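Engineer: I have a structure here, written as structure tokens, and I will follow up with some questions on it.
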């Protein structure tokens with residue numbers, strides 16, 4: 001079963017709100033990823049967790065706060081976002097997070113910041 | 001540095017036509033994987049195929065085929081007898097060891113009935 005689930009599918013929030021995006025996989029993978037994708041652009045890597053530890057942070061602003069409670073779950077906490085943060089947020093997972101692996105993606109959360 | 005180039009930004013074809021999506025990559029690593037992903041309007045990135053750098057065999061899966069040529073650093077994707085359901089953005093991607101996925105900019109394919 002190559003399934004990564006994400007909730008919610010759509011999210012509208014104001015600039016003062018706090019919200020969280022959730023991602024879950026049951027493939028036994030030990031690496032999970034957050035990507036941000038703007039319209040007509042490829043996905044941009046934000047964070048990588050490997051064995052529940054943050055291994056890559058691509059200089060993402062602190063208003064995005066990732067959390068990996070266990071190897072199956074990945075959250076992205078959002079606070080004080082800007083309208084330019086509106087995008088599709090994709091979660092992915094892979095075996096170990098060391099390259100040379102297939103990443104499986106979830107359906108994404110479409111975020112609109114007003 | 002790693003780089004993936006998809007020179008075709010948008011392609012439009014009539015249903016049942018064959019179409020080839022081009023992908024050219026750059027890497028100094030000798031061991032790497034290449035991928036194709038499909039992104040329909042719904043947004044999910046769907047994994048289509050993975051090839052490793054030591055396996056240049058072409059692959060066919062139904063109407064899809066892939067041509068990997070290390071000599072030209074290309075990994076092209078052909079859809080035979082295209083269908084409307086093939087309309088999507090297709091991304092080529094590269095990952096060497098200890099490096100996250102490097103995506104091309106994508107090719108938007110529109111198949112017209």
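The values are calculated or read from the model by the stated rules, or taken from the named source; none is laboratory data. Computed from a predicted model, the values in this text were never measured in an experiment. Positions of Cβ are generated from backbone atoms using ideal geometry, with glycine treated the same way; all protein chains shown enter the neighbour counts.
Engineer: Among the residues of the stretch B:2-37, how many are more than 23 Å from residue B:98 (Cβ to Cβ) and more than 14 Å from the chain's Cα centre (by Cα)?
Structural biologist: Matching residues across the stretch B:2-37 total 7.
Engineer: Let me ask something additional. Hey, among A:94, A:71, which residue is surrounded by 15 or more Cβ atoms within 10 Å (Cβ to Cβ) and within 12 Å of another protein chain (Cβ to nearest Cβ)? Can you show your working first?
Structural biologist: Values: A:71 fails: within 12 Å of another protein chain (Cβ to nearest Cβ).
Just one listed residue meets the conditions, A:94.
Engineer: Tell me, which residue of the stretch A:32-46 that is surrounded by fewer than 22 Cβ atoms within 10 Å (Cβ to Cβ) and assigned to a strand (DSSP E or B) is nearest to the other protein chains (Cβ to nearest Cβ)?
Structural biologist: A:45
Engineer: Kindly indicate the residue of the stretch A:76-91 that is surrounded by fewer than 22 Cβ atoms within 10 Å (Cβ to Cβ) and within 11 Å of chain B (Cβ to nearest Cβ) and also nearest to residue B:37 (Cα to Cα) among those meeting that condition.
Structural biologist: A:88
Engineer: Sticking with this structure for a sec: Can you give me the ranges of the strands (runs of 3 or more DSSP E) entirely in the stretch B:72-113 with at least 1 residues that are away from chain A (no Cβ under 14 Å) and surrounded by 20 or more Cβ atoms within 10 Å (Cβ to Cβ)?
Structural biologist: Strands (runs of 3 or more DSSP E) meeting the threshold: B:74-79, B:107-112.
Engineer: Among the residues in the stretch A:69-80, are any without any contact (Cβ under 8 Å) to a residue 40 or more places away in the chain and more than 27 Å from residue B:92 (Cα to Cα)?
Structural biologist: yes
Engineer: Any residue in the stretch B:23-39 that is touching a helix residue (DSSP H, G or I) at 6+ places or on another chain (Cβ under 8 Å), at pLDDT 95 or above, part of a strand (DSSP E or B) and more than 11 Å from every other protein chain (Cβ to nearest Cβ)?
Structural biologist: yes
Engineer: Residues being touching a strand residue (DSSP E or B) at 6+ places or on another chain (Cβ under 6 Å), over 17 Å from residue B:86 (Cβ atoms) and assigned to a loop (DSSP other than H, G, I, E, B): count how many of those fall in the stretch B:2-20.
Structural biologist: Going through the stretch B:2-20 one residue at a time, the tally reaches 1.
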